[in-house]
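The values are calculated or read from the model by the stated rules, or taken from the named source; none is laboratory data. Values in this document were obtained by computation on a predicted structure and should not be read as measured data. Because the Cβ atoms are built from the backbone with ideal geometry, glycine has one as well, and the counts that use them run over all protein chains shown.
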Amino acid sequence: MSLTGKHIILGVTGSIAAYKAAVLCRLLKTAGAEVKVVMTPAAKAFITPLTMATLSKNPIAVEFYNPENGDWHSHISLGEWADLLLIAPATANTLAKMATGVADNLLLTTYLSARCGVAVAPAMDCDMFAHIATQHNIDTLRSHGVTVIESPEGELASGLHGKGRMAEPEDILARVEALLCPDEKKKSLHGKCFVVTAGATREALDPVRFLTNRSTGKMGYAVAAALAARGARTILISGTTSLPAPQGVEMRHAESAEDMYIAAKEAFADADGAVMCAAVADYTPVEVSATKIKKSDDDMVLHLKRTHDIAAELGKIKGSRLLVGFALETDNEAENAAKKLRKKNLDFIVLNSLRDEGAGFAHDTNKVSIIDSATREDLPLMSKRETAEVIVDKIDFFIKRTDSEK
Ligand code: C5P
């Protein structure tokens, strides 16, 4: 049985999909897990505590204490007991409260005090699901490291068709198994911490204008997702992008090159390595106007100063930690990439060339070469996700080699 010995708190909230929580509870038990159910008061209107208690073979907790005898339900000890807090179904209301730290029922206090992993399976009407507030809350929860088990498209209780129904119990079980029992490859970076920078920085000229570049952040986000999937604590320092936070990744936003420099240095202090994917501005305006710059009939000259080279700064202090850089070159690619490798003290550098069709900014594919002090590996055109897997394989190899030399 795949979940033998695993402790799961199954949180049930007030959605019509609560009836599926009964099936889910059974599946978890059959897979060998021990299950304790915490219901919100609203959930009791959809499924009875007796049903859930019978299936989980444990008493149900709803209130902070038992009104009959004053027995206290400790959310702290529940959180300590669990390997996973799984909230299925999770209503828009509960997701919003989780995202903002509201603690007005036992399930929410358990969530706020839980040290274990947390997964949610949203369930609601398609318009509620699509609402910008709900999507924002889901993104926030992802950025807090919560696993969101995607709602599939389909028939809803309201009679409408769309996204918002709860994932099927069998699919939720599969995600729980993947979370609690990842295979060897997935676990290979467990206990390690990596910093990833991604996206473009913005250098303000005045309150409304800034200098930036064409980076979308896709490659960096894919690398962060691949690191997190292998069990590494992953801190993604991102410029402004339109991408959703990858699952299990801690997000830090950085607007300017200086913001990114400060955030990267701070996060690198406790990290085992860093992957510098961001397209960081090399220059920033010497002066930022406090008011909108007025146009005149004359040409305008901008006075720019150098920013910190974050990769090079981390290279100076890295010691035996891993440092990976990216290079985007338009000419003398390999030669320039090799120079950067040495100058910034990188362990390896990922070179993309703007000459290759389908590679570089905004594409979902990339064609890169991975260059270290001794070897060069030319990869074919692949999705950025696949490219990230190869990069993370190489990171894995370097980390194991360093560990074996210790
Ligand atoms: O020197 P160049 O900008 O081409 O180097 C690219 C590499 O250096 C990338 O890994 C990029 O993230 C990193 N970099 C940086 N800080 C800068 C400029 C580049 O970390 N200011």
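Of note:
- Contact map, segment 314-340: residues that are more than 29 Å from Cys193 (Cβ to Cβ) and assigned to a strand (DSSP E or B) paired with residues that are more than 9 Å from the ligand (Cβ to nearest atom) and not charged (D, E, K, R), Cβ distance under 7 Å, separation 6+ or inter-chain. Pairs shown: Glu329/Leu351; Glu329/Ser353.
- Single unsatisfied condition, Ile237 versus (1) part of a strand (DSSP E or B); (2) under 30 Å from Lys6 (Cα atoms); (3) among the hydrophobic types (A, V, I, L, M, F, W, C): (2)
- Per-region count, segment 195-219, residues part of a strand (DSSP E or B) and within 14 Å of the ligand (Cβ to nearest atom): 7
- Scanning segment 242-285 for residues that are farther than 23 Å from Asn352 by Cα, within 16 Å of the ligand (Cβ to nearest atom), out of contact with any helix residue (DSSP H, G or I) (no Cβ under 7 Å at 6 or more places or on another chain) and of a type in the set (A, V, I, L, M, F, W, C) yields Ile262, Ala263, Ala267, Ala271.
- Residue selected from segment 302-327 under the condition of a type in the set (A, V, I, L, M, F, W, C) and surrounded by 18 or more Cβ atoms within 10 Å (Cβ to Cβ), by the criterion farthest from the ligand (Cβ to nearest atom): Leu322
- You will find that of Ala226, Ala178, Ala222, the residue that is part of a helix (DSSP H, G or I), within 17 Å of Thr240 (Cα to Cα), at pLDDT below 95 and of a type in the set (Gly, Ala, Ser) is Ala222 and no other.
- Candidates Val12, Val35, Val102 - the one that is buried (at least 21 other Cβ atoms within 10 Å of the Cβ), touching a helix residue (DSSP H, G or I) at 6+ places or on another chain (Cβ under 8 Å) and farther than 24 Å from Glu155 by Cβ: Val35
- Scanning segment 119-143 for residues that are more than 21 Å from Leu10 (Cβ to Cβ) and in contact with a Gly (Cβ under 7 Å, 6 or more places away or on another chain) returns Asp125, Cys126, Met128, Phe129.
- Residue check: Glu150 meets all listed conditions (1) closer than 29 Å to Asn58 by Cβ; (2) acidic (Asp, Glu); (3) in a helix (DSSP H, G or I) but one, namely (3).
- Matching option when the condition is within 31 Å of the chain's Cα centre (by Cα) and of a type in the set (Lys, Arg), among Lys316, Lys339, Lys292: Lys316
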